[in-house]
Amino acid sequence: MTHLANFRKLFNFWLLPLLVIALWACEGSDAQRQSYSEQQRQFYPVERVSYDRPSSIIAALEDSSSYWVDSLFNTLTPEERIAQLIIIEAFSNKGPKYEADVMRLIKQYKVGGIIFFQGTPTRQAELTNEYQAASKVPLWISMDAETGVGMRLDSTVEYPSQQMLGALSEDTLIYRMGVEVAQEFKRLGMHINFAPVADINNNPNNPIIGYRSFGENKYDVAAKSMAYMRGMQDGGILAVAKHFPGHGDTDVDSHYDLPVIPFQRHRLDTLELYPFQELINQGLGGMMVAHMHIPQLDPTPNVPSTLSEPIVTGLLKKQLNYKGLIFTDAMVMKGVTKYFEPGEAEARALIAGNDVLERLNSVPKAINAIKEAIENGDLTQEEIDRRCKRVLAAKQWLGLDKYKPIPLENLYEDLNPPMADLINKRIAEGAITLLNNKKRMLPLRPTKRMSIATVSIGATRVTAFQRQVKQLTEETDDFYISRKANSKEAKKLWKKLKKYDVVLVALYGPSIRPSNSLGYSEEAARLVQQLAKSNKAVITLFNNAYTLNQFPEIEESQALLLAYQGYFHAQAAAAELIFGRIPARGRLAVTVNKHFTYGDGIRLNKSFIAGPNGIPTQ
């Protein structure tokens with residue numbers, strides 16, 4: 001009886017998968033026309049014991065007892081095990097030729113996953129189904145979506161920037177946002193979000209992080225990063241924090257060059273590394289390593305942290321005891337390609353200790369260089385196998401052992417749920433920050449004699465802010481002017497505005513998303529300056545906090561609001577705060593200049609809603 005049981009175990013574990021592969025190969029083109037579900041039954045034997053999903057991704061990665069993982073791993077060639085450590089890019093808006101190139105990489109090299117960028121949700125879902133059907137191993141699908149899928153796809157929800165979230169006084173909404181992001185990811189058949197940004201942005205001139213950070217205070221950044229991470233992972237997707245070991249204090253964009261971080265080890269330990277350590281302690285599933293040269297951690301000239309064994313293995317794995325998956329930042333960025341050729345860079349990244357290579361210049365060059373590194377003894381096949389099994393274990397935890405195609409019905413409705421809109425509304429109301437309120441100008445109490453104008457600078461038509469103001473007080477005259485206004489246009493508008501008792505000014509950048517440069521003409525900026533010094537203006541900036549510096553003497557304004565970005569709920573919240581319908585609770589998460597520093601924010605703890613005869617009610 002024992003011999004029979006051993007034979008059955010041997011047959012099920014080793015011989016059955018090999019027999020299935022042989023039969024499939026013999027069927028030729030007929031097998032290629034089979035549905036994915038039929039292929040899945042061939043390649044992935046059903047669990048003899050049902051999978052008891054671990055409560056955390058870290059526990060799943062540490063568990064080596066999965067029948068599904070072992071069975072699938074044993075079907076892979078050594079080269080295919082390397083390919084499981086690769087994530088390639090994909091767009092859903094580049095047409096048939098581009099899509100065919102992505103399909104070729106999936107079929108020919110058996111890559112492990114995809115990172116999607118711009119496109120449409122329906123086309124992305126269709127492509128995901130096609131790519132999954134063609135893949136020997138279920139692909140894990142990822143996105144760099146710090147503000148949700150709307151950051152990349154049209155017709156979907158986009159959540160606020162992390163700088164705006166940093167202004168919130170409590171983190172419950174950030175957790176809830178993380179859960180919603182996870183649901184939208186899962187509806188689109190995605191599994192990994194390269195978020196949150198856990199960098200501490202304490203350099204106003206940072207060209208790459210800035211408003212993508214929760215702020216400059218390490219405790220705030222850690223707490224808010226944890227809330228976002230927990231929400232996503234509780235929702236069933238893998239959160240990948242970035243950019244280890246901290247990209248917040250640099251004036252170089254690693255997309256275009258290799259930043260050098262000169263700080264001493266004590267500074268890094270006590271500041272930059274703090275949020276990452278806290279996330280590790282709380283079960284972070286994925287960590288992305290940045291392309292930065294940090295001489296205090298690795299003095300080797302021109303070596304980015306991504307390719308540094310002292311940083312990836314020595315610091316992250318050993319000193320910080322990180323057990324999750326380690327992802328490189330995009331391997332197409334100049335921060336790595338400036339000094340290392342495609343192929344060499346990917347091999348060195350694995351030698352350094354990374355688990356997954358993201359967005360490569362050349363998949364074949366990478367695989368060949370990694371094979372050469374194994375032959376030279378710089379890497380071992382055993383180490384590749386171990387990482388491959390960890391990737392497969394993560395895929396099982398994410399539900400890919402029971403893969404199903406994405407249903408296309410009601411996709412738009414499911415990706416725009418009422419809860420998402422409510423969360424965006426609550427965030428906007430909680431984050432808006434009152435920086436000036438001279439002579440208690442706010443809340444504004446209109447009277448019949450008071451003349452009020454609204455002006456949107458950076459607009460080509462009446463804006464949502466102006467329409468919301470109109471609902472709160474009908475007696476307003478509305479104006480708008482371009483960010484690129486010339487002297488004649490600016491002077492003409494100023495002449496009109498001077499006659500009003502109150503001017504409600506809305507400042508916009510080039511889009512509803514935050515910007516580093518608003519691009520105002522000298523004349524448009526001077527108009528803002530005149531309004532700020534007029535003792536009659538309530539100014540609201542719907543953009544990045546740091547862009548306050550682009551308006552000379554804006555600190556002279558009677559009332560100044562920071563709404564962080566121009567999406568509808570932020571504009572509505574500004575109008576409601578001005579007229580006392582909601583309280584002011586937001587706090588500045590960064591220091592902008594000597595006038596506006598971290599923690600600033602005048603609190604109106606209760607709403608002051610104007611009652612009869614202008615008397616506020618509480």
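Things worth noting here:
- The H on the amide N of D477, modeled in the peptide plane, is under 5 Å from the matching H of I452, A453, T454, each at least 5 residues off or on a different chain.
- Overall dimensions of the chain as given by Cα atoms, namely Rg and Dmax in Å: 27.3, 100
- Exceeding the 21 Å Cα-Cα cut-off - candidates K136/K404; K242/K323; K318/K395; K448/K495; K470/K491: K318/K395; K448/K495; K470/K491
- Region 46-105 versus region 194-269: alpha-carbon centroid distance in Å: 28
- Under the combined filter of DSSP loop state and at most 14 neighbouring Cβ atoms within 10 Å, region 113-208 retains none of its trypsin sites (Lys or Arg not before Pro).
- Karplus-based coupling profile of region 135-151, in residue order and whole Hz: 8, 5, 10, x, 7, 8, 10, 10, 7, 8, 10, 4, 10, x, 5, x, 5, with θ = phi - 60° in 6.51 cos²θ - 1.76 cosθ + 1.60 and x standing for Gly or Pro.
- Loop-located GluC sites (Glu not before Pro) in region 400-500 (DSSP state not H, G, I, E or B) with no more than 14 neighbouring Cβ atoms inside 10 Å: E409, E474, E475.
- A protection proxy built from the mean count of other Cβ atoms within 10 Å ranks the segments 583-593, 453-463, most packed first, as 583-593, 453-463.
- Above-threshold pairs, the threshold being 24 Å between Cα atoms, out of K438/K533; K484/K533; K224/K438; K110/K389; K97/K365: K224/K438
- Within straight-line reach of K186, meaning a Cα separation under 12 Å, sit the following aspartates and glutamates at least 8 residues removed in sequence or on another chain: D414.
- √(5λ) per eigenvalue of the Cα gyration tensor, region 340-451, largest first, Å: 54, 24, 13
- Under the Karplus curve 6.51 cos²θ - 1.76 cosθ + 1.60, θ = phi - 60°, whole-Hz ³J(HN,Hα) for region 283-289, x wherever Gly or Pro sits: x, 4, x, x, 10, 9, 9
- Remark: S55, S362 ranked as S55, S362, counting other beta-carbon atoms within 10 Å and listing the fewest first.
- Ranked list, fewest to most other Cβ atoms within 10 Å of each Cβ, for M177, M333, M441, M419: M419, M441, M333, M177
- Cα-based radius of gyration of region 432-617 once divided by 2.2 N^0.38 Å, which approximates compact folds: 0.94
- Solvent-free Debye scattering, log10 I(q)/I(0), computed from the Cα coordinates of region 60-414 at q = 0.08 Å⁻¹: -0.35
- Assuming charge only on the beta carbon of Lys and Arg (+1) and of Asp and Glu (-1), the dipole of the chain about its Cα centre is about 2340 debye to the nearest 20.
- A simple packing score, the average count of other Cβ atoms within 10 Å per residue, orders the peptides 279-287, 376-384 as 279-287, 376-384, with the highest score first.
- Footprinting exposure proxy for F263, F117 (fewest neighbouring C-beta atoms within 10 Å first): F263, F117
Values in this text are rule-based calculations from the coordinates and carry no lab data. It should be emphasised that the depicted structure is a prediction, and the values quoted were computed from it without experimental measurement. All Cβ positions, glycine included, derive from the backbone under ideal geometry; neighbour counts span all protein chains shown.
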